[in-house]
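Below is one structure; the comments refer to it alone.
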Amino acid sequence: MFEYSLFHWMTFLSAAVLLNLSPGPDIAYILGQTFRSGRRHGFAAMFGIWTGAALHVVMAAVGLSAILATSALAFSIVKWVGAAYLIWLGVKMLLSQGDQFIAAEKQSPKRLSSVYWQGMLVSALNPKVAVFFLAFLPQFIVEGAGPAEAQLLLHGSLIIVVAAVIEPPLVLAGAKLGAFLKSKPRVGLWMDRSLGALFVALGARLAASAK
């Protein structure tokens, strides 16, 4: 069971690395929380994103993602909810005065649990991720290597494992940059607005996307 060739693993792991390095709402949210509140919040965001990704993997394995891939109504509902959520996050950042980046005793950082659940929603409410997993993972199913559902779970889980190698260094680097931003209010203001504009753009792109 789960017997694959070296070429299989090289192809899959290369694709998994490129997938995790590609810019999108997940990376933007992780780095945004890290810049503003430090590495603990960055890691909370990261774990939330991974949880959302795990939900997509399970959905793909049991076939629920097929609903999004075949039902225009289901896809549209999830798409618009996800797009609205991203745009809402972006507008909040655009309307801020840069205080997200300023260290002040009066400020209380966002709760870690809140950051975690927000991260999960950012990932879980992106139907393009669900459709991607449904299209991507089956390509690595090998006849005779085990039940299809088990192979899908294995490869989907390994994508998250690859993320566990790539994303923590990004959080650590982002925490150092965030410390610099806290000492530069003007820079923090424009960073907040830039991240806000990015989230609005990502939400608009998701809303405009077709299957």
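The values are calculated or read from the model by the stated rules, or taken from the named source; none is laboratory data. Only a predicted model underlies this, so the values are computations on that prediction, with no experimental measurement involved. FYI the Cβ positions are ideal-geometry reconstructions off the backbone, even for glycines, and counts take in every protein chain you see.
Residues in segment 1-38 that are of a type outside the set (Gly, Ala, Ser), under 11 Å from the mean Cα position of the chain (by Cα) and not in a helix (DSSP H, G or I): PRO23 only.
Does ILE102 count as of a type outside the set (Asp, Glu), more than 24 Å from VAL57 (Cβ to Cβ) and either modelled with pLDDT of 75 or more or not in a loop (DSSP other than H, G, I, E, B) (or both)? Judged against the criteria, ILE102 is not a match. Restricting HIS56, HIS41 to residues that are modelled with pLDDT of 90 or more and in a helix (DSSP H, G or I) narrows the list to HIS41. One residue stands out in segment 199-211 among those that are within 16 Å of the chain's Cα centre (by Cα) and surrounded by fewer than 21 Cβ atoms within 10 Å (Cβ to Cβ): the one that is modelled with the lowest pLDDT, namely ARG205. Do we have VAL142 as aliphatic (A, V, I, L, M) and under 30 Å from GLY32 (Cα atoms) here? For VAL142, the condition - aliphatic (A, V, I, L, M) and under 30 Å from GLY32 (Cα atoms) - is not met. The residues listed here are LYS182, LYS128, LYS176; of these, the one that is of a type outside the set (Asp, Glu), over 28 Å from TRP9 (Cα atoms) and modelled with pLDDT under 80 is LYS182. In segment 133-151, the count of residues that are at pLDDT below 75, in a helix (DSSP H, G or I), of a type in the set (Gly, Ala, Ser) and crowded, with 19+ Cβ neighbours inside 10 Å is zero.
Name the residues in segment 7-59 that are free of Cβ contacts under 8 Å to residues at least 60 places away in the same chain, closer than 18 Å to ILE159 by Cβ and either crowded, with 16+ Cβ neighbours inside 10 Å or not hydroxyl-bearing (Ser, Thr, Tyr) (or both), would you? Matches in segment 7-59: TRP9, MET10, LEU18, PRO23.
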